[in-house]
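The block underneath contains the structure these notes are about, expressed in structure tokens.
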Amino acid sequence: MKIAAGFLYVIWTIIYLSPLVPGKPIWYAIDRDIQILFIGILCYFLYKSRENTDEESLFFLYLAALCVFGGIYLLACLFLGVSFAIYNTPVFAYITGITLIVFMVHCALKKHD
């Protein structure tokens, strides 16, 4: 599965960088989304590693979920036709910051027990 994900990423990079793809904003948005989702897949694979501590596994799971939600949000912006207008607002940054604080409090409480 890991090799298949890496192989698909390489294929996408070749397609995206080829001269056959027109330089339109939709292609940039699709590439951006695939990059985010690929990082999420990598974080998920790191989460599944047996060599991680509980905190490391939880952190990689947090990163994977953040990437998936970011990718879905970017796709929604793309389909609504607002591209990056909504994506670049501070709302997404605030949501990300709040979830990071929740994650850190969760780790601290888990370590305390």
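Taken together, the values in this text are just the output of simple stated rules run on the coordinates, not laboratory data. Every value quoted in this text rests on a predicted model; they were computed, and no experiment measured them. Reconstructed Cβ throughout: ideal geometry from the backbone, glycine too, with neighbour counts over all protein chains shown.
Key figures
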| item | result |
| --- | --- |
| Under the span-like rule (Cα at least 30 Å along the axis, Kyte-Doolittle mean at least 0.0), DSSP H helices of the chain | 25-47, 54-80, 90-112 |
| Residue-span extension gain [Leu17 to Thr96] - 0.36 nm each, minus C-alpha spacing | 25.4 nm |
| In nm, spacing of pseudo-spin labels at Phe45 and Phe69 (7 Å Cα→C-beta vector) | 2.5 nm |
| Residue-averaged [θ]222 nm for the chain, counting only DSSP H segments that reach four residues, each worth -39500 (n - 2.57) | -27500 deg cm²/dmol |
| Selected from Gly97, Gly70, Ser49, residue furthest toward positive end of dipole (the chain; charges at beta carbon) | Gly70 |
| Gaussian network model of the chain, springs between alpha carbon atoms under 10 Å - residue of Ala93, Ala64, Ala29 with greatest fluctuation | Ala93 |
| Length-normalised contact order of the range 1-103 in % [C-alpha pairs under 8 Å, at least 6 apart] | 23 percent |
| Two-site FRET efficiency, Ala76 against His112, from Cβ-Cβ distance with R₀ of 30 Å, rounded to 0.05 | 0.20 |
